[in-house]
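Rule-based calculations on the coordinates, nothing more; no lab input. The model shown is predicted, which means the values in this text are computed figures rather than measured ones. Reconstructed Cβ throughout: ideal geometry from the backbone, glycine too, with neighbour counts over all protein chains shown.
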Amino acid sequence: MSVVIPVLNAAGPLPALLEALATQHPSPPDEIVLVDSLSTDDTRRIALAHAHMRVVPLERFSHGRARNLGAQEATGAIIVLMTQDAMPADRNWLAALLAPLADPQVAAVYSRQVPRPDAPPTEKFFLAYHFPPGPPLRRVRPAGRSPTLADVFFSNVSAAVRREVLLHHPFDEALIMSEDQQFARDLILAGYTIVYQPSSVVVHSHRYSLGTAFRRYFDSVYSLTLIFPAHDLKVSAAMGRRYLRREIGYMIRYHPLHVPYYCLYTLCKMAGVLCSHFADRMPLGLARACSLHRYYWENKSGDEHAPDKPL
């Protein structure tokens, strides 16, 4: 079994993450493959000080390309995908993540995510909404219709995938983000089962500024419109209404002093979603300004000298 982690300047979180992987019970990973987007800090030195570790350089970054390369370089029959800022919550994270793969029909499993203690209220609600506690949840192909995001929701922040399946159904290297949703869609359409495993837990959360929230939702929803052709503005609005009804109640009940900032934050998210549905009609310069991943739009412009790594 191989752990694949795309990294960029990960010297800060890497020592603790590698220690958590090494102490997994009953056994740690057989190998760890870091796909390094040419880090300029001590990432490589820290990594190579550990046993069963390989560092694979990646010059032309995309989220999908980094994960595909890691799977190609790995030797294990099972690929465990992680991000550099996700931390196993306990020593049983890995064993719990791998357990559903005893069923040959299951091609991929993903973990529950819980926030860091200092996470903002919006992030705490987001993770509780999408990654609740409870029994495992199986995702299969819906009968009589095309799958939607709700049918295939998946996260490669912490996930286990059969290597042969991943090589046959790779991540889309051209997507700006949400490559995990595209991957899950493809597996579901191919007849595989995906399992959400809440007993496998990682600590993972973000603190986005207002501008970052706008850009992240711009990128995310734009990607979803490419992955799911029926995901138009009406679908986004319906999803947003369902989410906001519950989030507003949570904020008023548990974080009333945060409500003024929450209103600004929500407006930025909504603006990002709205703009994403018109991204292909925008001048490329405006789309690039709206995006968290500027390299995507520079590449789309046909500029062969555009950088292929996150900026």
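Given the rule -39500 (n - 2.57) for each run of at least 4 DSSP H residues, summed and divided by the residues of the chain, what is its mean residue ellipticity at 222 nm, to the nearest 500 deg cm²/dmol?
Details: 13 runs with 135 residues, N = 311.
Result for the chain: -13000 deg cm²/dmol, rounded to the nearest 500.
Size check on region 210-300: the Cα extents along the three principal axes, sorted descending, read 45, 27, 15 Å.
Rounded to 0.05, the FRET efficiency of the ASP103 and GLU173 pair, given R0 = 22 Å and the Cβ-Cβ distance, is 0.15. Counting Lys and Arg as +1 and Asp and Glu as -1 over every other residue whose Cβ lies under 11 Å from the Cβ of LYS269, the net charge comes to +1. The antiparallel fraction among DSSP beta bridges confined to the chain stands at about 35%.
At full extension, LEU189 and GLU59 could sit 43.6 nm farther apart than now, given 0.36 nm per residue minus the alpha carbon distance. For mean projected area of the Cα convex hull in nm², the listed values are [x] 13.8; [y] 26.4; [z] 16.1; which was obtained by calculation from the structure presented? Read-out taken from this structure: [z].
Restricted to Cα atoms, region 72-196 shows a radius of gyration and a Dmax of 14.6, 44 angstrom.
Structural descriptor for region 2-203: relative contact order 28 percent, calculated from alpha carbon pairs under 8 angstrom and at least 6 residues apart. Annotation: average projected area of region 41-121 is 8.0 square nanometres, based on the convex hull of Cα atoms across all directions. Looking at region 120-155, the trypsin sites (Lys or Arg not before Pro) that sit in a DSSP loop and have at most 11 other Cβ atoms within 10 Å of their own Cβ are ARG145. For the pair HIS130 and ARG281 in one chain, pulling the backbone fully straight at 0.36 nm per residue adds 51.3 nm over the alpha carbon distance.
Note down the net charge around PRO142, summing +1 for each Lys or Arg and -1 for each Asp or Glu among other residues with Cβ under 13 Å from its Cβ.
Numbers: positive: ARG138, ARG139, ARG141, ARG145, ARG185; negative: ASP151.
Summing Lys/Arg as +1 and Asp/Glu as -1 gives +4.
Note on ALA22 and ILE252: the extension gain reaches 78.6 nm, defined as 0.36 nm multiplied by sequence separation minus the Cα-Cα distance.
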